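Please read through the structure below; I'll follow up with questions.
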Amino acid sequence: MARKTITADEIRQSVEKENVRFLRLMFTDINGIIKNVEVPVSQLEKVLANKITFDGSSIDGFVRIEEADMLLYPDFNTWLLFPWGGEHGKVARLICSVHTPDGKPFPGDPRNNLKRITEQMKKAGFSAFNIGPEPEFFLFKLDDDGKPTMKLNDKGSYFDFAPLDLGENCRRDIVLELEKMGFEVEASHHEVAPGQHEIDFRYADALDAADNIQTFKLVVKSIARKHGLYATFMPKPLQGINGSGMHINMSLFKDGQNVFYDETTDTQLSEPAMHFLAGILEHARGLTAINNPTVNSYKRLVPGFEAPVYIAWSQTNRSPLIRIPQSRGLSTRLELRSVDPTANPYLAIAAILEAGLDGMNNGLTPEEGIDRNIYRMQDSERKANHIQDLPSTLHNALKALEADPIVKAALGEHLYQSFKDSKELEWAAYRQSVSEWERDQYLELY
């Protein structure tokens, strides 16, 4: 989706024409959770003048209580009318960046940070970092109290259709709502696991892509509720079946041309593409905490369920971390397969971009591509091919992040420290919990 330019006057006209009664000002906390301040349309001029404040001390990763007041600066180009509701007038949204009381971009805002990294990219001579996400999710039934159960709504599998795919109507309604909101949906299908679905939408430049991912999640959850279902982007809600990923397809552009494409090479991948690829591989372990930020993420990153575990790349198989899809020309791209949908898209895209640019700046070269199924290799074979493992727990991923100055720089000091603190608390809470598995294994045995 090309970024359109919307003015304050056009927003005022839309409010009048569409009978907008409420304005939802959205932003994202450090954990990727959408937050919003909703105001009546009577506050429109304050919104347009960047004068809406909120308490930043109550948001994860923002500020201390003694420096709490924050300002919301709406991005006019994110103006959007929600197609549902409307009984008391329509609701519109604007995605905002967070600023300090003196009007400066707040460094703890993930969206501001992504803008910072893309500005660095532009100073390096590139015009766009295009991102095409492939988010997956599960649909569970709701109980009589509207709470999610562990009961899946179907027994379908990859590309199944009704009657096996009972989520088809819900998925179709999600697509229709997305299209009303300006999304160009490219594919929609049942995924491998029962109750699992994927909807792919057209690529966009980094900032728009991150905004789109957040909007997508909101729409999916809202429409699922209308069908008596609960949509979750939890990476591994059920044991023994595939988890949910969010593969990230990426390409770097300069003056309208895809920097990753070179028709003169054997692979038709350019030298800059190989350097960028090498940068992601070099920093793969440091990136993992950002791309897979929950304890549950690492229940997905295990062999046997199609999720990548090994740091390698390939043009022909899907077991490595990075795959090169067959399309060439303007569609030449790298597909990073480890990212899951709990990742904060603003942080993940910024860190991936910084890692790739580091590979280009330092002329890094990747190992040879691996065209065999890595899952079937012995440890000795993987070692001989210089294939490392991704971190196996959030704790190990945080240690890898701490050891990677490039990925830390992609977050900046404030965001890195806030992210680290938040995730160390999460790991400590998990480490102290006692699971049903442990009771089943040990209670009667010892």
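What about Lys221, is it closer than 30 Å to Pro303 by Cβ, out of contact with any helix residue (DSSP H, G or I) (no Cβ under 9 Å at 6 or more places or on another chain), at pLDDT 90 or above and surrounded by fewer than 23 Cβ atoms within 10 Å (Cβ to Cβ)? Outline the logic, then answer.
On the way: closer than 30 Å to Pro303 by Cβ: no; out of contact with any helix residue (DSSP H, G or I) (no Cβ under 9 Å at 6 or more places or on another chain): yes; at pLDDT 90 or above: yes; surrounded by fewer than 23 Cβ atoms within 10 Å (Cβ to Cβ): yes.
The answer is no for Lys221.
Tell me, which strands (runs of 3 or more DSSP E) wholly within the range 174-276 include 3 or more residues that are of a type in the set (A, V, I, L, M) and in contact with a Leu (Cβ under 9 Å, 6 or more places away or on another chain)? Can you show your working first?
Details: elements: 185-190, 196-201, 229-232, 246-254.
In the range 174-276, the matching strands (runs of 3 or more DSSP E) lie at 246-254.
How do the pairs read when you match residues in the range 4-21 that are farther than 15 Å from Ser42 by Cα with residues anywhere that are at pLDDT 90 or above and in a loop (DSSP other than H, G, I, E, B), using Cβ under 7 Å and keeping only pairs 6 or more apart or on different chains?
Pairs that qualify, where the first residue is farther than 15 Å from Ser42 by Cα and the partner is at pLDDT 90 or above and in a loop (DSSP other than H, G, I, E, B), are Ile6/Trp79.
While we're here: Give me the pairs: first residue in the range 415-430 and open to solvent by less than 40 Å² (accessible area, probe 1.4 Å), second residue modelled with pLDDT of 95 or more and assigned to a helix (DSSP H, G or I), beta-carbon distance under 6 Å, and six or more apart or on different chains, which are they?
Taking only residues 6 or more apart or on different chains, the pairs are Leu415/Asn113; Tyr416/Lys408; Lys423/Leu398.
Among the residues in the range 111-125, are any assigned to a strand (DSSP E or B), surrounded by 20 or more Cβ atoms within 10 Å (Cβ to Cβ) and either of a type outside the set (D, E, K, R) or on the phi > 0 side of the Ramachandran plot (or both)?
First, pick out the residues of the range 111-125 that are assigned to a strand (DSSP E or B): none.
No, because not a single residue in the range 111-125 is assigned to a strand (DSSP E or B), surrounded by 20 or more Cβ atoms within 10 Å (Cβ to Cβ) and either of a type outside the set (D, E, K, R) or on the phi > 0 side of the Ramachandran plot (or both).
Also, I was wondering about something else. When you scan the range 347-358, do you find a residue that is without any contact (Cβ under 8 Å) to a residue 24 or more places away in the chain and either part of a loop (DSSP other than H, G, I, E, B) or not β-branched (Val, Ile, Thr) (or both), even just one? Even if it seems obvious, please write down each step before you answer.
Let us first name the residues in the range 347-358 that are without any contact (Cβ under 8 Å) to a residue 24 or more places away in the chain, namely none.
Among the residues of the range 347-358, not one is without any contact (Cβ under 8 Å) to a residue 24 or more places away in the chain and either part of a loop (DSSP other than H, G, I, E, B) or not β-branched (Val, Ile, Thr) (or both), which makes the answer no.
Checking Leu390 against (1) surrounded by 19 or more Cβ atoms within 10 Å (Cβ to Cβ); (2) within 29 Å of Phe106 (Cβ to Cβ), only one condition comes out false. Which one?
Condition not satisfied by Leu390: (2).
Which pairs do you get when a residue that is at positive phi, found in the range 226-237, comes within reach of a residue that is in a strand (DSSP E or B) and hydrophobic (A, V, I, L, M, F, W, C), reach meaning Cβ atoms under 8 angstrom, with the pair 6+ apart or on two chains?
Gly228/Leu142
Additional query: What's the total number of residues in the range 39-54 that are over 21 Å from Thr7 (Cβ atoms) and open to solvent by less than 70 Å² (accessible area, probe 1.4 Å)? Give the derivation first.
Taking the range 39-54 first, the residues over 21 Å from Thr7 (Cβ atoms) are 40, 53-54.
When the remaining residues are screened for being open to solvent by less than 70 Å² (accessible area, probe 1.4 Å), the result is 40, 54.
The qualifying residues number 2.
Further question: Can you confirm whether the range 166-173 contains a residue that is at pLDDT below 90 and part of a loop (DSSP other than H, G, I, E, B)?
Yes, there is a match, as at least one residue in the range 166-173 is at pLDDT below 90 and part of a loop (DSSP other than H, G, I, E, B).
The values are calculated or read from the model by the stated rules, or taken from the named source; none is laboratory data. Note that the structure is predicted; figures quoted are calculated from it, not measured. Ideal geometry is used to build each Cβ from the backbone, glycine not excepted, and the neighbour counts take in all protein chains shown. All accessible areas refer to the heavy atoms of the entire protein, side chains included, with ligands and DNA or RNA removed. Shrake-Rupley method; radii C 1.70, N 1.55, O 1.52, S 1.80 Å.
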